[in-house]
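Chemist: Submitted below is the structure of interest, expressed as structure tokens.
The values are calculated or read from the model by the stated rules, or taken from the named source; none is laboratory data. A quick note: this is a predicted structure, and the numbers were derived from the prediction, not measured. Here Cβ is always computed from backbone atoms with ideal geometry, including for glycine, and neighbour counts include all displayed protein chains. Accessible surface is based on the protein model in full, side chains and every heavy atom, while ligands, DNA and RNA are left aside. Shrake-Rupley method; radii C 1.70, N 1.55, O 1.52, S 1.80 Å.
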Amino acid sequence: MRFAALDGWRGIAAIGVAVFHLSVLGHFFDIPFVRKADVFVDFFFVLSGFVLTHAYGNRLSNKDEFFRFAIRRFGRLWPLHIVTTLVLVASEVLKYATMKFAGLGAGAPAFAGRTSVEALIYNVFLLHGLGFFPDFTWNLPSWSISTEFYVYAAFASICVAFGRPSVVIAGVAAALAAAVFYILIGQRAGPPPLYTAVPRCMCEFFVGVFVYRLFRMTPPLGIRVASWFEIPIVIVMVVLLSVSSRSQLALVSPILFGAVVFVFAGGGGIVSRGLMWRPLQSMGEISYSIYLVHFVVLTIFNALTRALEQKLHMPLRAQFVHDGAPFDVLTVGGPWFLDLVAVGYLVIVIFVSRHTYNLIEVPARDFFNNVAANMFPVAPAGSAEKPIPCGLRDAL
């Protein structure tokens with residue numbers, strides 16, 4: 001079963017995160033919805049729980065399935081992450097060379113702070129989202145990839161230990177993770193800090209697991225009835241992202257995006273028909289590439305504009321404060337010109353992402369799927385694999 005409407009949302013969410021990070025003072029920049037579009041990361045966490053429960057919830061029953069699952073997920077996440085990180089390493093080398101030999105500064109010093117060698121080592125091993133650093137490093141959005149990988153391992157462990165995750169197990173796991181997350185963020189006014197990433201991801205992932213179990217219990221709805229749910233939930237989402245504070249969004253995101261995934265999983269309403277539009281489906285297919293590639297494009301773009309400022313001896317960028325947070329944004333040319341810059345940026349991101357999907361994601365996925373199948377072959381039909389003994393499985 002394919003959840004086509006959710007694929008459309010996946011594309012929208014990836015583009016939303018890409019536009020959020022674009023530091024260009026066009027007409028769109030100050031729109032509240034855009035300035036909080038990074039919250040779509042939480043949508044991805046919920047969606048992952050939903051989709052992986054659908055794909056693996058009934059299959060993860062023993063250690064071989066666990067390792068097969070871990071290798072496949074590693075092959076889905078790590079290859080593109082390491083390629084985009086290496087491109088950023090190359091950009092840091094170029095920055096170092098231009099600062100040392102051409103006298104052109106391009107922001108912070110090379111290989112320092114967020115792009116230090118120490119941070120690079122943690123990125124290589126997918127440890128950079130686990131709170132070892134106080135801030136985001138290298139390819140900034142990839143913190144969620146690090147966190148998700150280890151939450152996947154926790155999910156697979158629960159499945160092997162307890163059997164197929166029920167509504168009760170998923171609800172308890174989500175509630176416990178939520179409690180830790182809410183205690184850690186306390187009364188902070190800004191976005192959740194990096195040290196809350198694991199409980200944040202754990203909570204929303206298991207909300208997705210919970211939503212999937214509810215979805216399987218719910219009969220399909222006709223287009224008219226489904227639309228009665230789809231249109232209001234879209235309105236609620238837009239309103240909440242526009243008027244809520246960062247701290248409020250941190251609290252409501254698991255419920256909000258759990259509701260979005262539940263409502264659109266059936267794909268039966270009029271909004272779902274729109275989400276099945278071919279360009280949205282295409283962006284949904286390459287959404288992982290969009291998510292990781294866009295920041296590489298932005299890093300190169302920002303470095304070029306800063307170097308050009310020094311070469312031309314004229315300001316192209318300025319400090320802009322929004323909702324108490326400072327932004328270093330491109331201001332030259334006026335809003336209409338900068339809107340065109342934003343469109344060009346998205347065209348480049350989508351173009352590059354299509355190629356990284358075809359040339360990196362798909363071959364790497366197939367390679368690691370084959371590795372998993374060869375290392376831990378599926379038992380022939382009729383010969384059941386022996387599950388790991390666990391009294392808790394029988395008790396539940």
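Chemist: Counting only residues that are modelled with pLDDT under 90 and either touching an Asp or Glu at 6+ places or on another chain (Cβ under 9 Å) or of a type in the set (S, T, N, Q) (or both), which one in segment 133-154 is least open to solvent (accessible area, probe 1.4 Å)?
Modeler: Here is the first cut: in segment 133-154, the ones modelled with pLDDT under 90 are 133-137, 154.
Adding the requirement that they be either touching an Asp or Glu at 6+ places or on another chain (Cβ under 9 Å) or of a type in the set (S, T, N, Q) (or both) leaves 133, 137.
Values: F133: 32, T137: 7 Å².
Within segment 133-154, the match that is least open to solvent (accessible area, probe 1.4 Å) is T137.
Chemist: Then there is this: Go through (1) open to solvent by 10 Å² or more (accessible area, probe 1.4 Å); (2) in contact with a His (Cβ under 7 Å, 6 or more places away or on another chain) one by one and return the number of the condition A119 breaks.
Modeler: All conditions are met except number (1).
Chemist: Is segment 126-148 home to any residue that is outside any loop (DSSP other than H, G, I, E, B) and farther than 30 Å from P199 by Cα?
Modeler: If we filter segment 126-148 for residues that are outside any loop (DSSP other than H, G, I, E, B), which is where we start, we get 140-148.
Now drop any that are not farther than 30 Å from P199 by Cα, which leaves none.
Scanning segment 126-148, I find no residue that is outside any loop (DSSP other than H, G, I, E, B) and farther than 30 Å from P199 by Cα, so the answer is no.
Chemist: Can you name the residue in segment 341-351 that is open to solvent by 50 Å² or more (accessible area, probe 1.4 Å) and in contact with a helix residue (DSSP H, G or I) (Cβ under 9 Å, 6 or more places away or on another chain) and, of all such residues, is nearest to L80 (Cα to Cα)? Walk me through how you get there before you give the answer.
Modeler: Our first condition is that a residue be open to solvent by 50 Å² or more (accessible area, probe 1.4 Å); within segment 341-351, this holds for 343, 347-348, 350-351.
Now drop any that are not in contact with a helix residue (DSSP H, G or I) (Cβ under 9 Å, 6 or more places away or on another chain), which leaves 348, 350.
Details: I348: 17, I350: 15 Å.
Checked segment 341-351; the qualifying residue nearest to L80 (Cα to Cα) is I350.
Chemist: Among the residues of segment 244-267, what is the count of those that are of a type outside the set (K, R) and either assigned to a loop (DSSP other than H, G, I, E, B) or open to solvent by 30 Å² or more (accessible area, probe 1.4 Å) (or both)? Reasoning before the result, please.
Modeler: In the first step, residues of segment 244-267 are kept if they are of a type outside the set (K, R); the result is 244-245, 247-267.
After this cut, where a residue has to be either assigned to a loop (DSSP other than H, G, I, E, B) or open to solvent by 30 Å² or more (accessible area, probe 1.4 Å) (or both) as well, the list is 244-245, 247-248, 251-252, 255, 259, 262-263, 266-267.
Total satisfying the criteria: 12.
Chemist: Okay, next question. Please find, within segment 268-288, the residue that is nearest to V234 (Cα to Cα) out of those that are open to solvent by less than 50 Å² (accessible area, probe 1.4 Å), outside any helix (DSSP H, G or I) and modelled with pLDDT under 95.
Modeler: G269
Chemist: In this structure, does L241 turn out to be among the hydrophobic types (A, V, I, L, M, F, W, C) and in contact with a Pro (Cβ under 9 Å, 6 or more places away or on another chain)?
Modeler: On the way: among the hydrophobic types (A, V, I, L, M, F, W, C): yes; in contact with a Pro (Cβ under 9 Å, 6 or more places away or on another chain): yes.
Yes; evaluated as a whole, the condition is true for this residue.
For every residue, the table says whether it meets (1) in a helix (DSSP H, G or I); (2) in contact with a strand residue (DSSP E or B) (Cβ under 9 Å, 6 or more places away or on another chain).
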position: A342; (1), (2): yes, yes
position: Y345; (1), (2): yes, yes
position: R354; (1), (2): yes, no
position: N358; (1), (2): yes, no
position: E361; (1), (2): yes, no
position: F367; (1), (2): yes, no
position: V371; (1), (2): yes, no
position: N374; (1), (2): yes, no
position: P377; (1), (2): no, no
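Chemist: Which residues, taken from segment 1-22, are within 17 Å of I348 (Cα to Cα) and either open to solvent by less than 20 Å² (accessible area, probe 1.4 Å) or without any contact (Cβ under 8 Å) to a residue 60 or more places away in the chain (or both)?
Modeler: G11, A14, G16, V17, A18, F20, L22
Chemist: Please specify each residue of segment 100-115 satisfying the condition of being open to solvent by 70 Å² or more (accessible area, probe 1.4 Å) and either at pLDDT below 80 or outside any helix (DSSP H, G or I) (or both).
Modeler: Listed by number, the residues that qualify are K100, F101, P109.
Chemist: Does I121 satisfy the condition of being without any contact (Cβ under 8 Å) to a residue 24 or more places away in the chain and more than 18 Å from V293 (Cα to Cα)?
Modeler: yes
Chemist: Scan R273, R213, R200 and give me the residue that is among the basic types (K, R) and closer than 24 Å to A18 by Cβ.
Modeler: Working: R273 fails: closer than 24 Å to A18 by Cβ; R213 fails: closer than 24 Å to A18 by Cβ.
Just one listed residue meets the conditions, R200.
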